[in-house]
Amino acid sequence: MTRVDFYILPDESSEQRNLFACRIAEKAFKLGHSIYIHSDDQKQAKALDELLWCWRASSFIPHQIESADTDANGQNIINIGCDQGQGSSAPINGLLINLSHQVPEFFSRFERVTEIVVQSPAVTESTRSNYRFYRDRGYPLESHDLRN
C-alpha cells in the first residue's frame, strides 16, 4: 500500500516548496529510487525543470519534462509532469512528489508519495484536503513538522 509523507515547512513561498522538492528528489535519486514530480501546470513543471539544473552547484540530477513520447529507455531519470493522465513513464514502486493542489489519479501506483506543505493559505488548504483524502481511504500517513 502507498505510504504518504507530509513535510511541513515553516516557509510561505512556493520557491521554498520547490527547493525542498529538489532536496527530496536528490536524496531519493542517490538512493536509486525512480521519481516522478507532479505539478499543477506546465508553467510550474518548467520552473521545476529549470530549478533542478541550478538549485545546487555541486549536484546533477538527470531529469526531463514528461510528454506523450517520453521514454527513459531504462535510465534512472526524474520525470516532471502536470497532466492527470501522465505519470505513465515512472515505474511502479517509485516516489511521487506531489506539488499539485490535488491528489493525482495515478498516485497509488507509487510505493511512496510526498506532499510538501508551506504556510500559504492555498497550499495549506489543498494539502489538508489531500491529507483527508488519503486518511479516509486508509493510506498510512506520516507527518514531518520542520517548523521547529
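The values are calculated or read from the model by the stated rules, or taken from the named source; none is laboratory data. If you're wondering where the values come from, they're calculated on a predicted model, not measured in any experiment. Positions of Cβ are generated from backbone atoms using ideal geometry, with glycine treated the same way; all protein chains shown enter the neighbour counts. Only protein heavy atoms, including side chains, enter the accessible area calculation; ligands, DNA and RNA are left aside. Shrake-Rupley method; radii C 1.70, N 1.55, O 1.52, S 1.80 Å.
When the residues of the stretch 94-141 are filtered to those that are open to solvent by 80 Å² or more (accessible area, probe 1.4 Å) and not in a helix (DSSP H, G or I), the one that is farthest from Gln16 (Cα to Cα) is Arg137. The set of residues in the stretch 122-148 being touching a strand residue (DSSP E or B) at 6+ places or on another chain (Cβ under 7 Å) and of a type in the set (Gly, Ala, Ser) consists of Ser143 alone.
For the stretch 46-62, the tally of residues that are modelled with pLDDT of 85 or more and within 15 Å of the chain's Cα centre (by Cα) stands at 6. Could you go through the stretch 76-84 and let me know if any residue there is open to solvent by less than 30 Å² (accessible area, probe 1.4 Å) and at pLDDT 95 or above. Taking every residue of the stretch 76-84 in turn, none turns out to be open to solvent by less than 30 Å² (accessible area, probe 1.4 Å) and at pLDDT 95 or above.
From the list Asn148, Asn130, exactly one residue is modelled with pLDDT under 95 and out of contact with any helix residue (DSSP H, G or I) (no Cβ under 8 Å at 6 or more places or on another chain). Which is it? Give the steps one after another, and end with the answer.
On the way: Asn130 fails: modelled with pLDDT under 95.
Asn148 is the lone residue from the list that is modelled with pLDDT under 95 and out of contact with any helix residue (DSSP H, G or I) (no Cβ under 8 Å at 6 or more places or on another chain).
For the stretch 1-58, filtering for residues that are in a loop (DSSP other than H, G, I, E, B), without any contact (Cβ under 8 Å) to a residue 60 or more places away in the chain and within 23 Å of Arg128 (Cβ to Cβ) leaves 1. Counting only residues that are open to solvent by less than 10 Å² (accessible area, probe 1.4 Å) and either of a type in the set (S, T, N, Q) or farther than 20 Å from Arg112 by Cβ (or both), the stretch 1-57 holds 3 of them.
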